[in-house]
1. So for the range 138-159 (the condition being touching an Asp or Glu at 6+ places or on another chain (Cβ under 8 Å) and under 23 Å from E60 (Cβ atoms)), does at least one residue qualify?
2. Could you check the range 154-185 and list, in sequence order, the residues that are more than 18 Å from the chain's Cα centre (by Cα) and either loosely packed, with under 12 Cβ neighbours inside 10 Å or outside any helix (DSSP H, G or I) (or both)?
3. May I ask you to list the residues in the range 140-153 that are closer than 26 Å to F121 by Cβ and in a loop (DSSP other than H, G, I, E, B)?
4. Is it the case, given these coordinates, that L57 is aliphatic (A, V, I, L, M) and surrounded by fewer than 20 Cβ atoms within 10 Å (Cβ to Cβ)?
5. I need the full set of residues from the range 77-129 which are hydrophobic (A, V, I, L, M, F, W, C), touching a residue at least 60 places away in the same chain (Cβ under 8 Å) and open to solvent by 40 Å² or more (accessible area, probe 1.4 Å), in order please.
6. Which ones in the range 19-30 are touching a residue at least 24 places away in the same chain (Cβ under 8 Å) and either hydrophobic (A, V, I, L, M, F, W, C) or in a helix (DSSP H, G or I) (or both)?
7. Can you name the residue in the range 34-46 that is assigned to a helix (DSSP H, G or I) and touching a residue at least 24 places away in the same chain (Cβ under 8 Å) and is also farthest from the chain's Cα centre (by Cα) among such residues?
Amino acid sequence: MQKEVSILDDTKARIIFAAMKAVRQYGLEGVRIQNVCDLAGISPGAIYRYFDGKEQLLMECFTYVDKQAAEIFEHLKFNPLDILTGPMEAVKGLWLPYFRFWTSHPDEAIFYHRFRDSAFFPKYDKDRDITYFKTFIGMVQAFKKVFPSLDRINQDLLWLHILTSTVMYAKYVVEGVLPNSQETEDTVFQLLATGLSGYLKPQKPQKRNRG
């Protein structure tokens, strides 16, 4: 019985990877179930055993990639003391593996960027569960504890600045617009970090009134 489940999971994975590849080729709006079937080498009936239709398939593709990206932070060595001694280096230590994940997964990067920018995303985002980002959120909270000024930033804007920009630049790399090089990584990080540098300063202790 376990073997059968494994085979089914493999088939579902093939469909998901084929769907992301199809989106890269045909666009999010232009992709059709038949395109996915052709790339996966299966019949439409096989897809409908796993998904109700195109919309559900695309949403599950996004969830899959989102979880893969979140898992990166589970394997990173993170020492909160590094935040004080070198805050920007600590940020880069978290950001760089994330950026490299996208540049090394072209289909995923382009799909993720297009889905977040589509009419599908607001509906999906409204009810989605992001508990799989628990480790990353814990890292962010550690930064906020050391640098309370980060709380002054609109958190949606902060996340969009880092996430959306990172994926966008990775998309340019996999499309060949930007070279996949150390210089590109350094420049992209510098652009992103410039907006954060003013907030990564320890809060000065308030002077006590002598009475």
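1. no
2. Of the range 154-185, the ones more than 18 Å from the chain's Cα centre (by Cα) are 154, 176-184.
Passing the criteria: N154, G176, V177, L178, P179, N180, S181, Q182, E183.
3. I153
4. On the way: aliphatic (A, V, I, L, M): yes; surrounded by fewer than 20 Cβ atoms within 10 Å (Cβ to Cβ): no.
No: the conditions fail for L57.
5. F78, L84, M88
6. A19, M20, K21, V23, R24, L28
7. Pass one, the range 34-46, residues assigned to a helix (DSSP H, G or I): 34-40, 44-46.
Among the residues that remain, those that are also touching a residue at least 24 places away in the same chain (Cβ under 8 Å) are: 40, 46.
Numbers: A40: 24, A46: 29 Å.
So, considering only residues that are assigned to a helix (DSSP H, G or I) and touching a residue at least 24 places away in the same chain (Cβ under 8 Å), the one farthest from the chain's Cα centre (by Cα) is A46.
Okay, residues lined up against (1) on the phi > 0 side of the Ramachandran plot; (2) exposed (fewer than 12 other Cβ atoms within 10 Å of the Cβ); (3) out of contact with any Phe, Trp or Tyr (no Cβ under 9 Å at 6 or more places or on another chain); (4) modelled with pLDDT of 85 or more:
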| residue | (1), (2), (3), (4) |
| --- | --- |
| F147 | no, no, no, no |
| T194 | no, yes, yes, no |
| S197 | no, no, yes, no |
| L200 | no, no, no, no |
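The values are calculated or read from the model by the stated rules, or taken from the named source; none is laboratory data. This one's a predicted model, so the numbers in the text were calculated from it and none came from an experiment. Backbone-built Cβ (ideal geometry, glycine too); neighbour counts: all protein chains shown. Heads up: the accessible areas ignore ligands, DNA and RNA and are worked out on the full protein's heavy atoms, side chains in. Shrake-Rupley method; radii C 1.70, N 1.55, O 1.52, S 1.80 Å.
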